[in-house]
Amino acid sequence: MKKQIGIIALLLVFLAPEAVADEGMWIPVLIEKYNIKVMQENGFRLTAEDIYSINKASMKDAVVLFGGGCTGEFISDKGLIITNHHCGYGSIQNHSTLEHDYLADGFWAASHEEELSNPGLTVTILKYMEDVTGKVLEGVTDGMDKEKRDAVINANVTAIAAEATKGTHYLAAVRPFFLGNQYFLIVNEVFRDVRLVGAPPSAIGKFGGDTDNWVWPRHTGDFSLFRVYADSENKPAAYSAENVPYRPAYHFPISLAGVNEGDFTMVFGYPGRTQQYAPSDHIRMLKDVIYPNQVEIRGKKISIMEQAMTGNPLVRIKYSGKSFGLANGWKKWIGEIQSLDNMNGVERKEVFEKEFTAWVQADAERIRRYGNILDQYDEIYKSYVDYYLVSVYTSEVFGSSGVEPASLAGAFSRAVEMASQKSPELEKELQRLKEYAAGFFSSYDQEVSKKLFVAVMDLYGKNIGPDWQTPAYRELFASCNGDFGSVAERLFSRSLFTDEKRLNAFLESFDAKKVVKDPFYILAGSAAELIETRVRPELGSRDARLADLNKLYLAAQMEQGSDRVFYPDANSTLRLAYGKVMGYDSRDAVYYKHFTTLTGVLEKDNPEIYDYDVPDRLRELCLAKDFGRYAVNGDVPVCFIANNHTTGGNSGSPVLNAEGHLVGVNFDRAWEGVASDIMFNPKQSRNISLDIRYVLFIIDRFAGAGYLINEMTLVGESQNTP
Ligand code: ASP
């Protein structure tokens with residue numbers, strides 16, 4: 001008997017599903033259950049409780065959601081946060097003028113008083129999370145129709161969140177995981193006084209620009225520093241000169257020891273969105289229709305902006321943020337198409353779908369539950385693709401980086417309606433619009449905008465069939481015979497929405513009748529109407545069907561693969577990815593090493609090319625080999641790669657070694673494996689991180705801001721690699 005129990009126990013241990021070592025974005029509360037063993041086998045020296053705990057200070061207390069879509073981490077007990085330069089970019093840009101061009105020259109606050117506040121910027125800290133699937137589904141029964149079921153779930157979700165925050169200043173949300181097969185309660189503390197502390201010049205923070213973005217080898221010093229402020233009780237408060245630096249429960253010690261190939265690393269952060277379990281229909285749609293169309297139109301917009309920014313610092317301040325945002329997606333999609341093709345991504349999914357079908361067919365109950373999932377996908381995607389393309393393309397054309405004045409004009413529709421109803425709230429709305437317009441014009445130049453207008457209108461006519469073009473577009477097209485260049489001058493010189501002074505003067509004596517006659521208001525209204533009446537309802541009903549189907553399909557995949565642990569798609573909640581530092585084979589005969597150095601920065605140096613113009617001071621430090629304690633083998637390490645599974649949103653995430661010390665700051669992924677949002681490729685999917693020693697070197701030797709290093713906790717010593 002004893003022996004039998006022993007065998008059963010052994011079998012159970014053997015059969016218990018376990019997570020794999022590289023692919024996956026894991027849920028912090030479940031690390032103990034599914035991951036810690038594998039992590040420790042791969043070199044991790046701490047416990048699951050050190051990563052996530054509600055009983056003591058743990059690493060999760062040092063990781064923050066920075067703004068809406070990036071990660072940051074505390075690196076001092078005085079609320080100092082490090083994130084990427086590209087995450088702090090908007091704030092740095094907002095504080096930049098031609099006189100104080102912090103994008104071009106960098107910014108270093110020499111004291112707390114010099115730190116710059118950023119209205120609207122938040123830092124969110126997870127207090128705790130909890131599986132509440134049971135509570136969310138309370139009262140849901142098998143026979144319930146969808147509407148009733150959704151109503152019960154929504155009521156439960158509201159009650160759970162309200163209960164969780166009762167008597168606290170926390171914010172709570174219940175979020176679906178595994179495409180709605182599981183629910184977690186997320187309780188957060190949100191800080192609103194976040195100040196800019198330091199940023200290197202773009203020639204370091206964005207070194208390599210769009211040319212190097214998504215590419216390894218990389219030499220970008222992609223970091224910026226912020227500080228969280230709190231009230232005298234260490235609680236969140238709106239900006240006030242009385243606020244004091246926040247004292248986080250935990251901050252990361254920073255390791256000077258660096259990483260070697262094969263070392264364990266983990267990335268703890270807020271990955272945004274992945275689509276690991278989607279059917280082949282979805283991937284085919286993205287790869288063959290959506291991405292190519294977006295790549296074409298964005299490529300055009302980016303080249304117009306690039307040309308205008310060259311040699312014009314003011315236009316650069318205005319458009320660099322916009323063009324970076326466009327180019328980031330544009331280049332990633334090109335990479336995704338290529339890496340999906342190289343991996344035969346669609347075909348692999350099809351093979352999986354064949355196996356899935358065979359598994360379903362082998363059992364009558366499975367046939368009943370899952371038998372027509374794939375057929376339904378086929379049917380929905382046949383028409384979904386058209387609506388999806390029109391929706392995406394219309395916003396590329398009439399949104400804030402296309403026909404720019406139309407996007408501003410569109411914001412006036414509420415004021416027009418209020419005027420017609422003689423609403424007493426109109427004054428307030430006009431005040432709001434004044435501020436909105438100021439923001440708009442800070443990223444606008446009329447000459448650039450005219451060129452964008454002509455380019456996107458041309459592409460719209462070429463790529464969107466007449467049935468799906470907006471009526472206002474067709475009218476304009478007919479009136480100028482498709483020659484938008486010939487009307488641009490006239491429209492831009494007359495419209496209310498193309499000139500800041502004109503618009504501000506108009507806002508002093510607002511007249512809704514003039515707004516509704518404005519050509520850009522008409523274009524915006526027509527686009528909004530097309531989307532509202534013809535696209536959104538169709539997309540919406542298909543999206544609802546797809547959401548149900550995706551949930552069922554994933555449940556079926558999990559049943560089929562019950563011998564392995566699944567990780568949920570990214571959904572902007574805190575996740576842990578782990579793996580090892582390693583290089584990769586890029587293509588025939590080309591192997592990429594796992595790290596880069598300052599020598600590589602100088603190799604790329606070219607004052608003629610904006611993206612590669614190394615600042616004089618950095619060049620001098622390099623030539624003098626003035627590397628201080630950050631030297632390794634007579635050089636300074638700059639970036640490294642590992643096979644940690646990351647995505648957008650992981651920008652700025654801490655990269656930690658086996659002891660949980662900060663060795664890097666995650667900022668990108670390598671080109672060849674960039675389709676990892678859809679399909680992780682263990683051979684080539686690599687996350688790119690900034691070596692923390694380069695950060696320290698820049699702060700200390702380049703910027704002379706060593707006083708910031710004094711508030712950090714440094715451990716270990718830089719070592720020469722053998
Ligand atoms: N560079 C990326 C971003 O822009 C990070 C990533 O997707 O790996 O968010």
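The values are calculated or read from the model by the stated rules, or taken from the named source; none is laboratory data. Keep in mind it's a predicted model, so treat the numbers as computed, not measured. Reconstructed Cβ throughout: ideal geometry from the backbone, glycine too, with neighbour counts over all protein chains shown. Protein only, heavy atoms only, side chains kept; ligands, DNA and RNA dropped before computing areas. Shrake-Rupley method; radii C 1.70, N 1.55, O 1.52, S 1.80 Å.
Across segment 147-160, coupling constants 3J(HN,Hα) worked out from phi with the 6.51/-1.76/1.60 Karplus curve, θ = phi - 60°, read 4, 5, 4, 4, 5, 4, 4, 4, 5, 4, 4, 4, 5, 5 Hz, and Gly and Pro carry x. With an a/c value of 1.5 or above and a/b not larger than b/c for the gyration tensor axes a ≥ b ≥ c computed over the alpha-carbon atoms, segment 494-621 is described as oblate.
Beyond a 31 Å Cα-Cα separation, which of these cross-linked pairs lie in this structure: Lys127/Lys434; Lys33/Lys127; Lys422/Lys462; Lys331/Lys593? Can you show the working numbers first?
Numbers: Lys127/Lys434 38 Å; Lys33/Lys127 20 Å; Lys422/Lys462 42 Å; Lys331/Lys593 23 Å.
Over 31 Å Cα-Cα: Lys127/Lys434; Lys422/Lys462.
In order along segment 401-412, the phi-based Karplus estimate (6.51 cos²θ - 1.76 cosθ + 1.60, θ = phi - 60°) of 3J(HN,Hα) comes to 10, x, 6, 4, x, 5, 5, 5, 4, x, 5, 8 Hz; Gly and Pro are listed as x.
Structural descriptor for segment 140-276: relative contact order 15 percent, calculated from alpha carbon pairs under 8 angstrom and at least 6 residues apart. Straight-line reach from Lys382: taking Cα to Cα under 17 Å and skipping same-chain neighbours fewer than 8 places apart, the lysines in range are Lys287.
Only Lys, Arg, Asp and Glu count, each charged at its Cβ (+1, +1, -1, -1), so figure out the dipole size of the chain about its Cα centre, rounded to 20 debye.
Details: 76 positive and 96 negative charges, 137 e Å.
With only Lys, Arg, Asp and Glu charged at Cβ, the dipole is about 660 debye.
Tell me the carbon and sulfur percent of the accessible area for the chain, rounded to whole percent, probe radius 1.4 Å.
Working: 16350 of 31030 Å².
Roughly 53 percent of what the probe reaches on the chain is carbon or sulfur.
A protection proxy built from the mean count of other Cβ atoms within 10 Å ranks the segments 542-555, 506-519, 696-709, 268-281, most packed first, as 268-281, 696-709, 542-555, 506-519. When the charge dipole of segment 271-384 is built from unit charges on Cβ atoms (+1 for Lys and Arg, -1 for Asp and Glu) and taken about the Cα centre, the candidate among Ile367, Gly311, Gly272 whose Cα reaches farthest toward its positive end is Gly311. Annotation: amide H of Ser224 within the under-5 Å range of Thr83, Asn84, His85, sequence separation 5 or more or interchain, hydrogens built in the peptide plane.
Taking every alpha-carbon pair under 8 Å whose residues sit at least 6 apart, the chain reaches a relative contact order of 24 percent. Partner aspartates and glutamates whose Cα lies under 20 Å from the Cα of Lys513, excluding those fewer than 8 positions away in the same chain, are identified as Glu417, Glu425, Glu427, Glu429, Asp499, Glu500, Glu529.
Legend note: in the chain, cysteines whose Cβ sits 4.7 Å or more from every other cysteine Cβ are Cys480, Cys622, Cys639. Once both labels are positioned 7 Å from their Cα atoms along Cα-to-Cβ, the gap between Ser493 and Asn372 label points is 6.3 nm. With the helix formula -39500 (n - 2.57) applied to DSSP H stretches of n ≥ 4, the chain reaches a computed 222 nm mean residue ellipticity of -13500 deg cm²/dmol. Only lysine pairs 8 or more places apart, or on different chains, with alpha-carbon atoms under 25 angstrom apart are counted in segment 135-264, and they number 4.
Based on C-alpha pairs under 8 angstrom that are at least 6 apart in sequence, segment 219-367 has a relative contact order of 17 percent. Rolling a 1.4 Å probe across the protein heavy atoms gives the chain an accessible surface of 43 Å² per residue.
Could you tell me the calculated FRET efficiency between Val140 and Glu447, based on Cβ-Cβ distance and R0 = 60 angstrom, to the nearest 0.05? With a Förster radius of 60 Å, E is 0.55. Listed by chain and number, the lysines whose alpha-carbon sits under 21 Å from that of Lys625, ignoring those within fewer than 8 places in the same chain, are Lys604. Amide H to amide H distances under 5 Å link Thr265 with Gly579, Lys580, Val581, where only residues 5 or more positions off or on other chains count and H is placed in the peptide plane.
Spin-label model, Glu32/Ala547: points 7 Å from Cα along the beta carbon direction are separated by 3.3 nm.
Between the listed residues Thr47, Ser526, Ser423, the Cα displaced farthest toward the positive end of the dipole of the chain, a dipole computed from Cβ unit charges relative to the Cα centre, is found at Ser423. Farthest towards the positive end of the charge dipole of the chain, among the residues Leu225, Ser541, Asn481, is the Cα of Ser541, using unit charges on the Cβ of Lys, Arg, Asp and Glu. Between amide H atoms placed 1.01 Å from N, distances below 5 Å from Ile688 occur with Phe667, Asp668, Arg669, Ala670, all of them 5 or more places distant or on a separate chain.
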